[in-house]
Each structure stands twice: as C-alpha cells, then as structure tokens.
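*Asks:* Quick one: the structure is below, and I'll ask about it shortly.
Please treat every number below as a calculation from the coordinates, not as lab data. Given the structure is predicted, the values throughout are model-derived calculations rather than measurements. Positions of Cβ are backbone-derived with ideal geometry, glycine not excepted, and every protein chain shown enters the neighbour counts.
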Amino acid sequence: MAEQLPPEILARSDLLKLGAAAGLGFAALPLVQPSAPRSRVARMPIPLALAPLPGVLDLYINEGYLKMVDDTLVYHRGFGSRPTDIDDPTPSLRLDPTVITVAGDVVPGRSYPLGAPLPPRGTPTPLRADSANPGQYVIHRNYWASYFPQRTIVAELGSTVRLRVQNRLGKPHTLTVHGAGADGGDLTTGSIAPDSVALLEFDCPKPGTYIFTDPTNAPVERVLGLFGVLVVMDPECQWDIAKDRASFERQWVWICHTVEPRWASMEAAGQTVDPLQTRAVPRYFTLNGRSGFESLGVTFDDGINLATEEETLISGYPRQLDVRQFGEGTELGTLRGGQLVRLVNAGIVLHQMHFHGNHIWTVRRNNVDWPRREGFVGDDGHVVLQQWEDVVELEPMDRKDIIIPIKRPPDAIDPVWFARTTDWVYPMHCHAEPSQTAAGGMYPGGLVAHWTLKGPVPGAAP
Amino acid sequence: MSIFSRDRRSIRAIERAQERAQRRRQEEERRRAAAERKRQADARRRAEAERRRVERQRARSKPSASAKPGASAKPSATAKPSASAKPSASAKPSASSSASASASASATASATATATASASASASASPSATAEPTEQPVPAPVPEPTLHHRFQSQVDFSSEQLEVENPVTEFPQVPAFAVDFEFHSRDLVLDDGAEFEMWSFEDEQYERGFPGPTLRVQEGKVFHATVHPSKGPHTIHWHGMEPDPRNDGVGHTSFEVDGQYTYQMQPEAGRPGDPNYGAAGTYFYHCHVNTPLHVQMGMFGPLVIDPVVHPDYPVTPGARRAFVDGPEYDIDTEALFAPYCVDPRWHEMNHADGLSGEDAGLNRFEPRHFYLLGGELARRPAGRERVWSLSVLRANVAGGARKPTLLRTVNANYLPNIVTFTDAAGVEVPMAELISHDGRPFRDTSVPGAPALSCRDSGYPLTTSRLAYGAAERYDMLLHPPAPGRYFLRVDWEDWITGAVVGTRIIPIDAT
C-alpha cells in the first residue's frame, strides 16, 4: 500500500509531490521536465536544497573534488548531506553520520547509543583496575557510546528508514541498499533521473551491517564514491551485535575503499567508463575516507587527528577475557569482552586486514553468524566457524564482524609487560601490500590504521 | 634454463654495477641524512627520557597502592632469575614462575574468586602462568617514542621513519633459541628458470638462499633473533607473533634498524582445551620497511612454533603434535608450501623506491611468474644460494600405521589463492583436514566454561578438497589420502579485483 507523504515546497518553487514509496517502492520524480540527456556542464540551474521533512533523511548525489593523502585532487561523486556543486571547495560527498531511532526521529550525530557517555578521544576508560590480574582492568558494560565515521547511518531495529535522494548530476543514478530486503534481496530507488528526487522507504532490516551504493555501471559509480553503510542496532541490546550475540565495550565501523583517478577523470570529462575496457588500477586506498598518515592521526591538523582517534583508531585498556563468552563479567555492570569492529569493503580490491598485537575473533560474515560448533568448509573453500585470525580476508562488498580482545599481547615477556608505563601501539594494515601505497609509493600511505593498548592509569591500584 | 640470454646477462651485470655504485652514493646521502635525523631523534629521546625520569621520581614520591606488584613485580636488580627455562607442562595456571619478580603477579592467577556462575567459565589465569623469565638485571631502558610525532605530509611520514643504529633489547633473557640474520641480495634462479634479483635473510646454514631460514621455536621458551641489516634499514616483523611493540618490527610503531637489534619474545604456551592460550602453529617473518617492495623482493621466511608437551597428551616417537592437545602427525613427511609470485618490474627497484613521493608503481603488482616455495621441513637443503622450491609431496594414506602428514601453508603472496586437492583424473578429493589458522587451532567454543575441544575431537573435522586464502594467512592441515597413489595439489592465483585466475601451479602428492 502506497503511503502518501505531504506535499513539499521546494525552495526553487517547484512543487514536488512525493509519491508512493512504502516497502520496496520508490518514486523518482523529475523536478523539471526531462529533456534529452544533457552534459554535466550544460545543466542549469542547479536545484537547491530540499526542505526538511520529519523522519526523512535527505541525501544529495553531488560531485566534487576530494584531496587525497598526497594533496592530489580527485574527482568524486557521493551521497552528501547538503547540496553542493562541483566547484565547491568543501563538497558534501560523504553523508554525515545520522541515527534513525525507533521513535521515528532522524538525529544528526556521530555517536550511538544516543545519550551514552562519549569515550574521551575515542577510548573507553575502564571501571577500575583488576586486582586479580595485574596490569589489567575491569571494563564497563553497556556504558560507552561509540563514534561512527562519515557515510554511516545507524538505524534502530523497528524503525522505518526513509531516504530521500536528490540526484544533482547529469546522468541517472540509483541508491540501492544491498541485502536489506525482507527476503535478503536489495532495496532500491530505481533509476533517479537528473534533477529528480526519489524516496526509498523500508522497514529496518535485522541487526547487522549493510552497504548502500549506486550499482549503475557497477562498480564504477561505487568507485567514484557513491556508497555508504547502514548499521542496524537493536535498541534493546545497544552493546550487543544482536540479541544473544556478542557484547562489546564499544564498536567501530571501518569502511575500506579504493580510488581510481583514471576512471574519475574520464567520468569528470563526461565519458562513461567501461570497467571491462578500462581495467581498474587503484591508486589510493582508504579507511574511513583517509589514508596513510591521516588515517594514523599524525598530521598537524588537530581536527583530523581527533576525528581519526574517535572513529578509526581502536583503543582500550587491557582486560582478561574468554572467547567462549563475550558477556557479563565477574560482577554486574562489567564486561568480559572486547570491542567490535565492523569491517566493510566498499571498494573493489580484496583486502587482507592484518592486526598486530592481538589475534581477533571473527563472529560473522555478511550478517550471518558463524557457528561456534559444527563448523564446516564451504564450497568456496572458506571455513565457516568462529575463529581466531590475525589476517581477515575481506572481499569486495563483504562485511565481517570481529571482536578485538584488547588483551595483553601473549608473546611479550613478563618483565617487559610488568614494566610497561606507556601505551603500546600496534599497526593494522592490509597485507595485500599494493594497498599500502599512495600514488604508487609513499609506504605506508594506504589502507592503514593502528590500535592502542592503553598504558597503566596513574594511581590506579593494580 | 634462463629467460635471459648470456648477452643480456652481461649487460645486466654492467647495469647492476652501475646501480650498485649509484646505490652506494644514495646510501651515503641517506646515511648522512639519517645521521642528522638520528641526532634530532636522540635529542627528542633525551628530552623524553628526562620527562619520564621526572615523572618516575614524582610517582615514586607518591605513596603507592598496596596491591601494586611494586618492587617485586618490576624487574629489578634483585630479582633472582630461574635457571631453568623449561616449558610449563601444567594445564593449570601455575603460580610457580620463578623469580620473586613475578611471584606476586602469578599468585593472583586464579582470578575466579568473585566470578558469578555464568562467568566462572572464563578467567582462568593471568598470562604470566607459563612464563619463566630468566632475567638478567638491567636498568629500565627508555623506549623510543612511538607515534608521538606529527608530520607535515605523507612524503615526510614515509621518508622520516625513526631509524636507530643499535636499539636496546629490553630486559634481555637467556634465550632457549637464538639466531643471527644478515641481509643478503643476490641474483637467484627460481624453479622455472627465471632469474631475479632477490633480497632475503641468511644465516650460516642457509647462506644467500630464498626464502629466509626456516625457524622452529617451542612455546614457552624465550626466543632471540638478531638482525644485521645492510643496504639500508630493515626490520623483522614476526607475523602473527604478538610481543611488545619494540619486538614487533614495525618502523612507525617502534624503529627501523640500521646496525643491529635482537628481537625477543616468548611464544605463549598452550593449555589443553583452552581457546585463549597457545601459540603453536605456522607463522612467517618478514621485513616491515617499505613492505610492499621488501617482501616481494623475498625478505621473508617460515616460522613454526611447536607446542609444549602436556602429560595428558604424550607424543609417540616419530611424531609431534600440532598444538598442545592437537593431533599427532608424522615428522618425516611434514611439509610446508608458500605460494609466491614475481612481478619482474619490481625486482629492478631500489631499497627506498617510492618513499620520497615518486611514483614507483608499487600500487601495480602484475606477477608473471608463479611459485610454490617449500618442501619437507625435515629435508630443507642447506647451502649457498639455494631456492627452496616444492616439487613433490609425500603423504601417508589414511588409516595406516603411520601418523598422518601435516601440511603447513604460508601465503607469501599479494593475491588470493585457491588450493585444490585432486586425484589423477582431476576430480576433487576431500583429503585435507584443516586444523589451525593463523597459529590458532579450530575449536568448538560453544559451551562457556567447558573445555574447547579441537574440531576433530568434537566430531566434526573441517575436511575439504578446497581452501581459499590470501596474503599472509596460514593454515595447518592433515592430509588423509584415501588410498595409495598419486594425487595433486593445485594452486590458482586470482586477480585481486576481478578474481580471474592469473596463474596456476600443480604439484604431485604421492600417497603411500
């Protein structure tokens, strides 16, 4: 049954009637009468911002240039939070993180759960020292909020997701949420003509991590930047992957991507890339939109460094845990568990995410829980069983949920461990090593991060 | 057979000489720059040391909490090291760690006093239970700063990694096993006849060979490896081993080594049925400087961690266990293979190519030659300039008197691989039982608190004819060929974007 939304007055005085859009439905409504396909430069005037609607998240398909880690500007398209044009010095090409609540509110913000304390510089501080395990700490359960990176929508289970998408570019585009349908299929706006708006409305899928992209001419539009991530949380279990699944201290979303400047410049020039004809040669590799020293938070830009620490650079205090049960600790309000990392590969190369310092525990792939018993090897040659790994294979469009224990590095000798006074920092990088470069070199300038095992808290009783 | 003609080789030799001269010049320039940076770094370190000293003094002047391990927990000059570095054979966390240094730490190992019923499953012990330090007292060193510096640009970050001439190994122990590795660079002929400039690590046994020497270390025992870089700084990262950052071998979280450094670690001992402990399994080590290039050039080697022997899991003569409570396997036929491939263009590059911001094309890895390195572990040929290549495997037939064959694999490659076991007709044979991944056994972890048995002991062995894996992953598998005869191990290399097969190698497996 189609839902009738109220008429909307646009600033440019075009009357837009938003049409049927319930469930899998969509509406692609031209703001102006479509004429013959026009080139990007000839399209005038540019449509202006949509007037906000309660309970609706607006996304703008914009274009512009983004600075790579070596200061090269590369043409991008993206689902932005505000309308911007190609010559905008700060184009909106990455959706600002947003939370959609079960009550129907669309809340701009980088953290979830709403109202939970924000971890200082991204690091959840512990409850207290663990007197039973010197050098370790007792961890808060169900306490700290998590920061989310750009391009992330957090939706609460039970909510209705309403995405209104304005295509501000000269070619048709689409927004498709992969695997979020009731039957596990895709949800899509269908093709959105230039200067048109579509509404995609759907019931929030089960808890998990979903990728939305523009699948037009796949994977070209995705490589150009038209992608994002939908994280679904159960509001009754805000620190669990899902009900009765692993609990975590805080969570991180890591979105991997690859940038192909040749494709970008061809599309910027009005051509359409044939991905079979023009083989992709990625030149930049990003994690949450950053590479190299920016992704490691060691720039002279305090804003970048802080955002990176809050969103990407895992950190926590050492704790005792048991992989057989990520749940209640030895006393109420404490957690015997680690931190959740949602690995998302929105790019086109196969990544091999390698963690130094701690093996990680992989719990699910593409929202399907891996069993703890009666595992098996799938027809594709992959083991389906919860397991320790130090390298996590991440195919394009794959999502894996892993728990990083944040425990004492097991092979450090006792004297070094007990004399520790500082943070211990361990790299995470992709081991498909060409991804460690930027512009053909500058190692480590690619898809890198690190995680920090925080040092002893001064004055805390061990 | 060589893909290069003799003429080509002599021209190459001349070019090489020119390159070497150029490299020497570059090296001298680099060293001058490095010396300057080192001076600056030393100044920073001195300032940092001073700051820490003041902090420590301030901390000491405060009354310390009684529960602190305190003077006894901190390694001190009075700590009496235990002479025996024996692996703890006890499944129970023992509080017997030798010196008073760790006595108070270990004494608290049974951390379950306040556990609730639901959580009592877990928390078995502190990680110190099996560590038996044999400490030689040294003053507490001041670590180099890690990630405390900021950089103006990616080029600065790439080209200004902290190089240290001779970093100090903190709290050096008496090792149960120690090796010395030199860097070497040689033109080597691989098994398809192609010749490439290769860089790798060498010791006296495996001189100028490739891959680097095979290392076997036992859980619970302190291990030392001293690296002596040349032609620029290098490090050794012990991939999958998890020591402190100084011993992790990564430049930007610790230091790159100019002169020499002794890496020190103690592989964690396993405990039967406990999925939280144990390092036994297959690993590799590699240089972590300009990593895409240095690893492709060959700066890696295999590392095997053998388990402690537990009294409940005795070992038959001629056999070993893959992990503490793991299955026994036949030492005689134990083998390792490592998929590796070569992009010849990369083998014409220099140590620091790309680090100064120039486009070295290191984002483009286009291999033309595909290899399976390795062989039977008991029979790796020693000597000079040997390339360890896999030509044939032996496997013990399932159900026979001998223990099964253990096949270890290290993916020393940047592309994804598919491994397939077939019979002579090319039909897939599910003869591989996967038992470990990345140095950790596959276990049934479904019951909190209950022993986590290996998959095979839980009744569902992970048997397969096919394994998909990629860069730097390791698997251990038992082979169970159903009948005597010839089988095949096929390895396909896939493009990292399209998944198209770009290379294949097939190795016979003779089952008896």
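*Asks:* Which listed residue (B:Val289, B:Trp238, B:Gly485) has the Cα farthest towards the positive end of the charge dipole for segment B:177-511, taking +1 on Lys and Arg C-beta and -1 on Asp and Glu C-beta about the Cα centre?
*Replies:* B:Gly485
*Asks:* Kindly state, to the nearest 0.05, the FRET efficiency for B:Glu165 paired with A:Ala182, given R0 = 45 Å and r defined as their beta-carbon distance.
*Replies:* Here the calculated transfer efficiency is 0.10.
*Asks:* Report, as an integer, the average count of C-beta atoms from other chains found within 10 Å of each Cβ along A:349-359.
*Replies:* Working: counts 4, 10, 3, 10, 0, 7, 2, 13, 6, 1, 7.
Mean number of neighbouring Cβ atoms from other chains: 6.
*Asks:* Next question. Take the alpha-carbon positions of segment B:177-511, form their convex hull, and give its projected area averaged over all directions (one quarter of the hull surface) in nm².
*Replies:* Details: hull surface 70.0 nm².
Result: a mean projected hull area of 17.5 nm².
*Asks:* Now for a separate question. Two decimals is fine: what is log10 I(q)/I(0) at q = 0.12, 0.26 Å⁻¹ for segment A:388-462, from a Debye sum with one equal scatterer on every Cα and no solvent?
*Replies:* Listed by q, the Debye log ratios stand at -0.51, -1.28.
*Asks:* Once you have the Kirkwood Rh of chain A from its Cα pairs, apply Stokes-Einstein at 20 °C and 1.002 mPa s and quote D in µm²/s.
*Replies:* The calculation lands on 93 µm²/s.
*Asks:* Sort B:Tyr285, B:Tyr460 so that the residue with the fewest other Cβ atoms within 10 Å of its own Cβ comes first and the one with the most comes last. Kindly include the intermediate steps, with their values, before the conclusion.
*Replies:* On the way: B:Tyr285 27, B:Tyr460 16.
Ascending number of Cβ neighbours within 10 Å: B:Tyr460, B:Tyr285.
*Asks:* Show me A:249-261, A:420-432, A:303-315, A:271-283 ranked by packing, highest mean number of other Cβ atoms within 10 Å first.
*Replies:* Values: A:249-261: 24.4, A:420-432: 22.7, A:303-315: 20.6, A:271-283: 14.8.
Result, highest mean Cβ count within 10 Å first: A:249-261, A:420-432, A:303-315, A:271-283.
*Asks:* Could I ask something else about it? Spin-label point model (7 Å from Cα, Cβ direction): what's the B:Asp156 to B:Val427 distance in nm?
*Replies:* 6.6
*Asks:* Still on this structure, I have one more. When Cβ neighbours within 10 Å are restricted to other protein chains, what is their mean count per residue of peptide A:229-242?
*Replies:* Values: counts 0, 0, 0, 0, 0, 0, 0, 0, 0, 0, 0, 0, 0, 0.
Averaged over the peptide's residues, the number is 0.
*Asks:* Also: From the alpha carbon gyration tensor of segment B:312-434, can you work out the equivalent ellipsoid semi-axes (sqrt of 5 times each eigenvalue) and give them in Å, largest to smallest?
*Replies:* Numbers: eigenvalues 260, 64, 42 Å².
Rounded to whole Å, the semi-axes are 36, 18, 14.
*Asks:* A further question follows. Could you list the chymotrypsin sites (Phe, Trp or Tyr not before Pro) in segment A:267-348 that lie in coil according to DSSP, counting only those with at most 11 other Cβ atoms within 10 Å of their Cβ?
*Replies:* Numbers: sites: A:Tyr284, A:Phe285, A:Phe293, A:Phe300, A:Phe326; in loops: A:Phe300, A:Phe326.
In loop regions of segment A:267-348 (DSSP not H, G, I, E or B), the sparsely surrounded chymotrypsin sites (Phe, Trp or Tyr not before Pro) are A:Phe300.
*Asks:* Quickly work out the A:Thr421-to-B:Asp495 label distance, labels modelled 7 Å from Cα along the C-beta direction, and quote it in nm with one decimal.
*Replies:* Spacing of the two 7 Å Cα→Cβ label points: 5.5 nm.
*Asks:* A follow-up question, please. Can you grab the distance from the C-alpha centre of segment A:362-432 to the C-alpha centre of segment A:115-134, Å, no decimals?
*Replies:* Centre-to-centre distance over Cα atoms comes out at 22 Å.
*Asks:* Now for a different question. Using only Cα atoms, what Kirkwood radius does segment A:84-137 have, in angstroms?
*Replies:* Working: mean 1/r = 0.0660 Å⁻¹.
Computed over segment A:84-137, the radius equals 15.2 Å.
*Asks:* Here is a further query. Taking one equal scatterer on every alpha-carbon of segment A:248-402, how large is log10 of I(q)/I(0) by Debye at q = 0.20 1/Å?
*Replies:* Log10 of I(q)/I(0), two decimals: -1.32.
*Asks:* When ranked by the protection proxy of mean other Cβ atoms within 10 Å per residue, highest first, what sequence do the peptides B:204-210, A:144-150, B:342-348 form? It would help to have the intermediate numbers written out before the result.
*Replies:* Working: B:204-210: 19.1, A:144-150: 24.0, B:342-348: 17.3.
Top of the packing list down: A:144-150, B:204-210, B:342-348.
*Asks:* At a Förster radius of 22 Å, what calculated FRET efficiency corresponds to the Cβ-Cβ distance of A:Thr90 and A:Leu118, to the nearest 0.05?
*Replies:* The value I calculate is 0.35.
*Asks:* For Cα pairs less than 8 Å apart in space and 6+ apart in sequence, what is the mean separation divided by the residue count of chain A, i.e. the relative contact order in percent? All intermediate terms of the calculation are to be shown ahead of the outcome.
*Replies:* Values: 1202 pairs, mean separation 69.1, N = 462.
15 percent.
*Asks:* A further question follows. Taking the Cα centre of segment B:177-511 as origin and charging only Cβ (+1 Lys, Arg; -1 Asp, Glu), how large is the dipole, in debye to the nearest 20?
*Replies:* Charge dipole, segment B:177-511, about its Cα centre: 780 debye, nearest 20.
*Asks:* Next question, about the same structure. Compute the label zone of B:Glu358 within segment A:418-452: residues whose backbone N is under 17 Å from the point 7 Å along Cα-to-Cβ.
*Replies:* From segment A:418-452, the list is A:438-443.
*Asks:* Quick one: what do you get for segment B:439-512 if you divide its Cα Rg by 2.2 N^0.38 Å? Working shown, then result.
*Replies:* On the way: Rg = 16.4 Å, N = 74, 2.2 N^0.38 = 11.3 Å.
It is 1.46.
*Asks:* Taking the Cα atoms of segment A:243-312, what is the range of coordinates along each of the three principal axes, in descending order and whole Å?
*Replies:* Principal-axis extents of the Cα atoms in segment A:243-312, largest first: 47, 41, 18 Å.
*Asks:* I need to check one value: relative contact order of segment B:177-511, counting alpha carbon pairs closer than 8 Å and at least 6 residues apart, in percent. Write out the running numbers ahead of the final one.
*Replies:* Working: 881 pairs, mean separation 55.0, N = 335.
Once divided by the residue count of segment B:177-511, the mean separation gives 16 percent.
*Asks:* Considering the convex hull of the alpha carbon atoms of segment A:97-237, report its projected area averaged over all viewing directions, in nm², one decimal.
*Replies:* Numbers: hull surface 43.4 nm².
Over all viewing directions, segment A:97-237 projects a mean Cα-hull area of 10.8 nm².
*Asks:* Sticking with this structure for a sec: Distance in nm between label sites at A:Ala218 and B:Thr316, each 7 Å beyond Cα in the beta-carbon direction?
*Replies:* Reported label-point gap for A:Ala218 and B:Thr316 is 5.1 nm.
*Asks:* A follow-up question, please. Just report the Cα centroid separation between segment B:400-469 and segment A:76-99, whole Å.
*Replies:* First find each Cα centre; the distance between them is then 47 Å.
*Asks:* Next question. Estimate the FRET efficiency between A:Asn142 and B:Ala378 by the formula 1/(1 + (r/R0)^6), using the beta-carbon distance for r and 41 Å for R0, to the nearest 0.05.
*Replies:* 0.15
*Asks:* Same structure, new question: Mind sorting A:Ser247, A:Ser131 by how few other Cβ atoms lie within 10 Å of their own Cβ, fewest first?
*Replies:* On the way: A:Ser247 22, A:Ser131 16.
By the 10 Å Cβ count, ascending: A:Ser131, A:Ser247.
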